[in-house]
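One structure is given below, encoded as structure tokens.
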Amino acid sequence: MNRRPGFPARGAIAPPAASPGKDRVGPGTGRPMQAGALAPVQGVGLDSGAVRARMVARLAAQGIADARVLGALGAVERHRFVDSALVNQAYEDTSLPIGLAQTISKPSVVARMVELLLAGTPAGKLGRVLEIGTGCGYQAAVLANVATEVYSIERLRGLHDKARNNLRPLRIANVHLLFGDGMVGFAKGAPYAGIIAAAGGEAVPQAWLEQLAIGGRIVAPTVMRGGQQALVVLEKTAREVRQSILETVHFVPLKSGIA
Ligand code: SAH
């Protein structure tokens with residue numbers, strides 16, 4: 001297991017090392033270390049809960065209103081998904097490099113896209129969701145909190161493996177990681193209640209529309225005329241596909257094939 005520096009992050013207020021905090025385990029906390037739990041390193045306590053709660057409060061202040069989304073971002077420890085040198089920035093609203101020239105999206109963008117995916121759906125969990133671009137696995141873990149099943153596909157072997165390593169200790173039973181070209185979707189898991197892309201292409205591939213359930217939605221960054229990307233939402237009804245073009249975004253490119 002990868003040992004990473006523990007919290008607190010920059011600017012975080014951590015309880016004294018001996019006080020048993022909610023997220024704290026291991027020596028001195030009165031709580032046993034569970035197999036797979038992140039070990040406190042060099043006596044530094046692990047208490048990212050407060051920092052994450054502040055991140056969630058900022059997202060709510062910025063307009064994220066769906067309690068399911070706020071709950072999911074509050075539940076997933078983003079610092080576990082970034083390289084140890086970047087752990088201090090894990091709860092800032094910034095994208096961060098995850099290797100192979102790819103990035104983990106900003107929390108506010110993840111929250112916005114997941115909220116769009118859930119918009120108009122009844123309370124409770126969405127059904128099966130397909131994510132294109134697993135990257136480090138963070139958004140897949142977020143999605144696992146709001147959907148019954150998550151199929152997440154990545155075209156770069158190195159990142160597929162990284163996501164597997166990041167997710168393993170979390171033991172999330174409803175995330176299925178796939179290595180392949182997400183441009184063709186994943187027909188075996190179809191139909192999907194939602195499809196969400198973390199990489200931006202010139203157009204939404206036809207395969208995604210075919211694999212989307214009636215009543216389902218696609219949320220995908222898409223390159224517009226002029227070269228800028230915008231968030232696009234596609235809603236599939238029995239009769240038509242409705243498209244909304246929303247704000248400008250900056251995602252890594254959607255590429256075909258595997259590497
Ligand atoms: N959701 C990710 C964001 C990763 S960045 C996270 O939380 O970290 C987007 C990812 O999309 C990159 O890893 C890139 O390799 C991947 N990607 C780009 N085109 C793809 C394709 N056709 N199929 C699958 N993954 C693709």
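The numbers here are math on the coordinates, done by the rules we state, and not lab data. Model, not experiment: these values are computed from the prediction. Positions of Cβ are backbone-derived with ideal geometry, glycine not excepted, and every protein chain shown enters the neighbour counts.
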For this session: Note down the nm distance, to one decimal, between modelled labels 7 Å out along Cα→Cβ at VAL184 and at ALA123.
Result: 4.3 nm
Exercise. For region 149-218, what mean projected area does the convex hull of the alpha carbons give, in nm²?
Worked result: 4.9 nm²
Exercise. What percent of all Cα-Cα pairs in region 47-89 falls in each 5 Å bin, counting up from 0?
Worked result: 5, 23, 29, 22, 14, 5, 1
Exercise. Once the dipole of region 150-259 is set up with Lys and Arg at +1 and Asp and Glu at -1 on Cβ about the Cα centre, which of SER244, GLY215, HIS160 lies farthest towards its positive end?
Worked result: HIS160
For this session: Of the listed pairs LYS125/LYS188; LYS125/LYS162; LYS106/LYS188; LYS162/LYS236; LYS106/LYS236, which have alpha-carbon separations greater than 25 Å here?
Result: LYS125/LYS162; LYS106/LYS188; LYS162/LYS236; LYS106/LYS236
Exercise. Of the listed peptides 136-145, 208-217, what is their order by residue-averaged count of other C-beta atoms within 10 Å, with the highest listed first?
Worked result: 136-145, 208-217
For this session: Rounded to whole Å and sorted largest first, list the principal axis extents of the Cα atoms in region 56-167.
Result: 37, 29, 18
Exercise. Spin-label point model (7 Å from Cα, Cβ direction): what's the SER256 to ARG171 distance in nm?
Worked result: 4.3 nm
For this session: May I ask for the equivalent-ellipsoid semi-axes of region 51-122, computed as the square root of five times each C-alpha gyration tensor eigenvalue and listed largest first in whole Å?
Result: 22, 14, 10
Exercise. Where does each of 127-135, 188-196, 50-58 land if you order them by average Cβ count within 10 Å, highest first?
Worked result: 127-135, 188-196, 50-58
Problem set entry | Peptides 98-106, 244-252, 147-155 ordered by average Cβ neighbours within 10 Å, highest first | 147-155, 98-106, 244-252
